[in-house]
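Following: one structure in C-alpha cells, then a few remarks.
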Amino acid sequence: MAALHVGNNERRREFLVLGNPIDQVSAAEGIAQSGQLAASPEAMSILSKSCTLKGSFSSSNPTVIACRNKRYFEPNPDFQVLKKKPKPWSDRIRHLSRNAIGALRHEMSLYVHPAARAIASSSAQNSRSIIADAEIRSVYTIFVKPIIDARIHGTKSGDDHLFALLNDIMGITCKVLEQFRGHLRQFVVDDKGVVLIATFGQRGATFPNLVAEKGLPCTIAIHDALKINLDIGSQIGATFGKAYVGIVGGARRHEFAILGPSVNLAARLMSSTENPGILVDDAIKSMANKRFDFLSHPPVRAKGYSSLVPIFEPQSEIERQWNKLSCFVGRETELKRLVGLAKTILSREKGKDNAAQANREKIERDKANSLLCLIQAHSSLGKSSLAMQAMDHIRRLGSHYKKEVTITKNVCKDGEQSVPFCVFRQIILRFLDERISRNEDDSAISGVTMFDLDDENYSLMEEPTYYYDDVYFHHIRELCKELNCSEGFAEMIGEKMLDLRINSKSSSAAAKLKPDEVVDFVTNVILKCTSQSDFVLFALDDVQWMDSLSWKVVEMLLRRGKDLMILCLSRPLSINTTTIDPILLRELQEDKCKGNKHCRFTNIELTPFTKNDVRALFAASIGCDGQQIDNELCDYIYEQTGGMPYFAQEMIRGVIQDDMIRWQDDGIVRWRSGLDSSPVSGIYERTLRM
C-alpha cells in the first residue's frame, strides 16, 4: 500500500491511499449484501492466525464471514484486543506556538471542502449545530475519471512517477475549478480507478446562469486541460439536480457530503463504457445556451429515476464545426510545414546572457515575429482536420520546449461579411470570460453577490444575462483605462461592438466610433490579453466570410504581434469574392515563404487524396496495415468519392457499419462473399446525400 498527500498549500489538498488492499476491499464489498461482512482471501489468511474458521472458504475469492447475529469464526482463547487509547490532540500540539497552530489549522483546512469550512466557521461564531446548515440545493456535479494505471509496482522510479502524476492531475483540475470558481469535493482512488468529484451550486459556488456560464464550460475545460497538459484522456459525467448538501456523521467524526439521484447519475455516466469523453444529463442540455450543441446517446436506467434518463455528449459551437481528431492520414508535407512554422518561434531560447546569442535571437524575432498561414481548399478536402492535427502537434511542441501556448479557435459564418468585427467580438468575449474567472471580486459588481440570490431567484430572473453584461462592461472599462481610452469609448465599445446592455451611461459617450480607432483598440486588447503566453495561435475557419474590419485586425496583429501565428482556413479566395484587402491577398497567394522560413506569409492549397491515402484511411478505420486492404475495395472507394477525404471517410464508415467486408483466410480485407451491388449502391447514395 501507499499513502500520499497531493495538492498544495494554497488551494486544496487530499490524502490518498492506494494499493492492492484497496482493490481487495472493493472486490469483497461487491459480494456482500445488506448486513453482511465479506473478507478477501488475503484478509482470511491473516484472520486464520488468531481465529478458528468455521466452514470452508475460498482461497481465491472473497468470502462472507459474518452477518447479523452470526459469524463464521471464533477468536482463539489467547486472542486479546488492544485497548490502547491514542494520545489526545491537545497533548500533541501543546508545545507549539500560536503561529504554528494557526499554520497547522490552515493546512488541515485544505483537506476540507470549502463549503464545509464556511459552515464550520459560521456555526462556531453563532454557537449552533452544524447539522442546522444542511439543506437541499440545486447542484451541478462533475465526476472525472482520468484514464491512467494507478497501480503501485514497488519500484521507486515507477511509483514516484505515478505519485507525481496524481499530484499533477490534482493541481490542473483545481486550477481549472478555481478559474470557474467551482469546488473540488473529493479525490479518491477506488475500484473505479482515479476519480475526482467537483461541484457547483453549494454555498460559495452559486451563480446566475450556473450551467451555461460555469458548470458546462468548466467540465469541458477540465477534459481539455488534462489532455493538453498531461496527455491524459478522461471520462467525465456531469449532472444537475436537487441534492442534499451538508454534514453527515456524528459529533466526533463527520464529513461534508452531497447526496442525491443526480449525483449517483453523474458517477454512472462517468463509468459508462459508452462514454466518449463527456456525458451529461437532460437537465444540463435544457439549461445550456446556444453556444453548445449536444449529440444524443441511448438513454440509461438509473437509481432514483422512475423512467429512462436521456444522456448527451456536449459540443461547443466551435467544436461542432472543427472536426475532431480521428483517423488522420495523409497531408504529411502540409502538416510538417505548419508545425515547422510554429517551431521557428517555440524553439527560441530566452534568458541567454551571451551577447552573440541575444543578437541572433533579435534577428530571428525581427524576421518572423508573427506569421500568417492560409489553407485554401474546397469543402470536404480536410482543411479543419489538418488544422486540428497541426494544433495538437503544436501543443505537444509547446510542452516539449516548456512554453506557454495559447490557442484560440473561431468560425466565420455565411452572411457575416457585413457584420463589423464579427470574428474578434467572440474572441474578446472569450478573453473577458478568462479575465472574469481570474478576478475574485466579480461577484460584488453591480451590487450583486453570490449569496444574495438562491436557486429560486435565479430561475425567476427575467434576463439573467444582464448581470453578466455588467460584469463584462466592468472589465471593458478597466481595459480602456489601462489602454488610455475614455469612459465614453468604453461604453460605445460595450454597446455597439460587444452588444452589451449598459444600464447607466456617462455624459461623455462618443456619438460615433471611428473604424480605425476600434481596429487599434481590438488589436491592443488581444495583444494585452495574450502577453503572458510564449506562443499564440489564432485558428480562423471559413475566412471567406470574414468581414473587412476583422481582416484589418489580422493585418495589425501581423505588424505588431510577437510570437504569434494566425491560421486561416478558406475556400479558394479571389479578389472579387472576398472582403480581404487585395494587396494582402496577393501576398498570401504568391506564397513567398517557399524556401524561406522567415517569411510572414504561407499559402497551402489542398488537393484530393491519392489512392494510397484512401487505403491508409481505410486501414486506420479498422486497425490494420494498408497492405491488407484489397485493391478492388480501395479502388471502389476512391472512384466513388473522387478522393475527397470527408466523403471517403463517411463511405468507409458506412461499409463497416453495414457489415459489408470480411477478413479472408489470407489476411486480406475484401467485400463480403455473395454481396450484390444494391447494398454498395445504397452506401454511395447515402454519401451523395451528405
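The values are calculated or read from the model by the stated rules, or taken from the named source; none is laboratory data. Remember, it's a predicted structure, so these values are computed and weren't measured experimentally. Here the Cβ positions follow ideal geometry from the backbone for every residue, glycine too, while neighbour counts run over all protein chains shown.
Within region 273-297, track down each residue that is surrounded by 15 or more Cβ atoms within 10 Å (Cβ to Cβ) and small (Gly, Ala, Ser).
Gly277, Ala283, Ala288, listed by residue number.
Answer yes if at least one residue in region 461-484 is out of contact with any helix residue (DSSP H, G or I) (no Cβ under 6 Å at 6 or more places or on another chain), part of a loop (DSSP other than H, G, I, E, B) and modelled with pLDDT of 75 or more, and no otherwise.
Yes, because at least one residue in region 461-484 is out of contact with any helix residue (DSSP H, G or I) (no Cβ under 6 Å at 6 or more places or on another chain), part of a loop (DSSP other than H, G, I, E, B) and modelled with pLDDT of 75 or more.
Answer yes or no as to whether Ser59 is assigned to a helix (DSSP H, G or I) and not basic (Lys, Arg).
Details: assigned to a helix (DSSP H, G or I): no; not basic (Lys, Arg): yes.
No.
Check Pro608 against each of (1) at pLDDT 85 or above; (2) in a helix (DSSP H, G or I); (3) within 35 Å of the chain's Cα centre (by Cα) and name the one condition it does not meet.
Condition (2) is where Pro608 drops out.
Just to verify a result, which residue in region 247-260, among those that are surrounded by fewer than 16 Cβ atoms within 10 Å (Cβ to Cβ) and of a type outside the set (D, E, K, R), is nearest to Ile220 (Cα to Cα)? Write out each step before concluding.
Pass one, region 247-260, residues surrounded by fewer than 16 Cβ atoms within 10 Å (Cβ to Cβ): 248-255, 259.
Within this subset, residues satisfying the condition of being of a type outside the set (D, E, K, R) are 248-251, 254, 259.
Numbers: Val248: 31, Gly249: 34, Gly250: 37, Ala251: 38, His254: 32, Leu259: 23 Å.
The qualifying residue nearest to Ile220 (Cα to Cα) is Leu259.
Can you tell me which residues in region 192-229 are in a helix (DSSP H, G or I), of a type in the set (A, V, I, L, M, F, W, C) and within 26 Å of Asp168 (Cβ to Cβ)?
Let us first name the residues in region 192-229 that are in a helix (DSSP H, G or I), namely 210-229.
Going one step further and asking which of them are of a type in the set (A, V, I, L, M, F, W, C), we end up with 210-212, 216, 218, 220-222, 225-226, 228.
Across region 192-229, the qualifying residues are Leu216, Cys218, Ile220, Ala221, Ile222, Ala225, Leu226, Ile228.
Condition first: assigned to a loop (DSSP other than H, G, I, E, B), without any contact (Cβ under 8 Å) to a residue 40 or more places away in the chain and either under 39 Å from the mean Cα position of the chain (by Cα) or not assigned by TED's automatic domain parsing to the domain that holds Leu617 (or both). Now tell me which residues in region 629-669 satisfy that.
If we filter region 629-669 for residues that are assigned to a loop (DSSP other than H, G, I, E, B), which is where we start, we get 630, 642-644, 658-660, 664-668.
Keeping just the survivors that are without any contact (Cβ under 8 Å) to a residue 40 or more places away in the chain gives 642-643, 658-660, 664-667.
Passing the criteria: Gly642, Gly643, Asp658, Asp659, Met660.
Working only within region 252-278, note down all residues that are over 18 Å from the mean Cα position of the chain (by Cα), among the aliphatic types (A, V, I, L, M) and closer than 18 Å to Asp191 by Cα.
First, the residues of region 252-278 that are over 18 Å from the mean Cα position of the chain (by Cα): 252-265, 268, 272-274.
Going one step further and asking which of them are among the aliphatic types (A, V, I, L, M), we end up with 257-259, 263, 265.
Of everything in region 252-278, those that are over 18 Å from the mean Cα position of the chain (by Cα), among the aliphatic types (A, V, I, L, M) and closer than 18 Å to Asp191 by Cα turn out to be Val263, Leu265.
Between Val211, Val194, which is more than 29 Å from Arg435 (Cα to Cα), over 14 Å from the mean Cα position of the chain (by Cα) and aliphatic (A, V, I, L, M)?
Being more than 29 Å from Arg435 (Cα to Cα), over 14 Å from the mean Cα position of the chain (by Cα) and aliphatic (A, V, I, L, M) holds for just one of Val211, Val194, which is Val194.
Out of all the residues in region 537-560, is one or more in contact (Cβ under 8 Å) with a residue 60 or more places away in the chain, touching a Lys or Arg at 6+ places or on another chain (Cβ under 8 Å) and more than 20 Å from Cys422 (Cβ to Cβ)?
Looking for residues that are in contact (Cβ under 8 Å) with a residue 60 or more places away in the chain, touching a Lys or Arg at 6+ places or on another chain (Cβ under 8 Å) and more than 20 Å from Cys422 (Cβ to Cβ), one finds none in region 537-560, hence no.
From (1) surrounded by 15 or more Cβ atoms within 10 Å (Cβ to Cβ); (2) at pLDDT 85 or above; (3) touching a helix residue (DSSP H, G or I) at 6+ places or on another chain (Cβ under 9 Å); (4) not small (Gly, Ala, Ser), pick out the condition that doesn't hold for Asn61.
(1) is the only condition that Asn61 fails.
Where residues in region 611-628 are exposed (fewer than 13 other Cβ atoms within 10 Å of the Cβ) and in a loop (DSSP other than H, G, I, E, B), which of them is modelled with the lowest pLDDT? It would help to see each step written out before you state the result.
Narrowing region 611-628 to residues exposed (fewer than 13 other Cβ atoms within 10 Å of the Cβ): 623, 625, 627.
Next, only the ones that are in a loop (DSSP other than H, G, I, E, B) stay: 623, 625.
Values: Gly623: 84, Asp625: 88.
Looking at residues that are exposed (fewer than 13 other Cβ atoms within 10 Å of the Cβ) and in a loop (DSSP other than H, G, I, E, B), I get Gly623.
Would you tally the residues in region 147-179 being of a type in the set (Ser, Thr, Tyr) and part of a helix (DSSP H, G or I)?
Start the filter on region 147-179 by keeping residues that are of a type in the set (Ser, Thr, Tyr), which leaves 155, 157, 173.
Then drop every residue that is not part of a helix (DSSP H, G or I), which leaves 157, 173.
Summing the residues that are of a type in the set (Ser, Thr, Tyr) and part of a helix (DSSP H, G or I) in region 147-179 gives 2.
With the requirement that a residue be within 29 Å of Gln186 (Cβ to Cβ) and not in a helix (DSSP H, G or I), what does region 70-95 give you?
Across region 70-95, the qualifying residues are Pro86, Lys87, Pro88.
For region 519-551, how many residues are among the aromatic types (Phe, Trp, Tyr) and outside any helix (DSSP H, G or I)?
The number of residues fulfilling the criteria is 2.
Can Met556 be described as hydrophobic (A, V, I, L, M, F, W, C), touching a Ser or Thr at 6+ places or on another chain (Cβ under 8 Å) and part of a strand (DSSP E or B)? Reasoning before the result, please.
On the way: hydrophobic (A, V, I, L, M, F, W, C): yes; touching a Ser or Thr at 6+ places or on another chain (Cβ under 8 Å): yes; part of a strand (DSSP E or B): no.
So Met556 fails the test.
For (1) surrounded by fewer than 15 Cβ atoms within 10 Å (Cβ to Cβ); (2) among the β-branched types (Val, Ile, Thr); (3) out of contact with any strand residue (DSSP E or B) (no Cβ under 6 Å at 6 or more places or on another chain); (4) modelled with pLDDT under 85, each residue gets a yes or a no:
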site	(1), (2), (3), (4)
Arg13	no, no, no, no
Leu16	no, no, no, no
Gly35	yes, no, no, no
Ser40	no, no, yes, no
Ile46	yes, yes, yes, no
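Test of understanding: among Ile119, Ile101, Ile131, Ile152, which residue is farther than 30 Å from Ile222 by Cα, in the same structural domain as Arg253 (by TED's automatic domain parsing) and either surrounded by 14 or more Cβ atoms within 10 Å (Cβ to Cβ) or modelled with pLDDT of 80 or more (or both)?
Numbers: Ile119 fails: farther than 30 Å from Ile222 by Cα; Ile101 fails: in the same structural domain as Arg253 (by TED's automatic domain parsing); Ile152 fails: farther than 30 Å from Ile222 by Cα.
Being farther than 30 Å from Ile222 by Cα, in the same structural domain as Arg253 (by TED's automatic domain parsing) and either surrounded by 14 or more Cβ atoms within 10 Å (Cβ to Cβ) or modelled with pLDDT of 80 or more (or both) holds for just one of Ile119, Ile101, Ile131, Ile152, which is Ile131.
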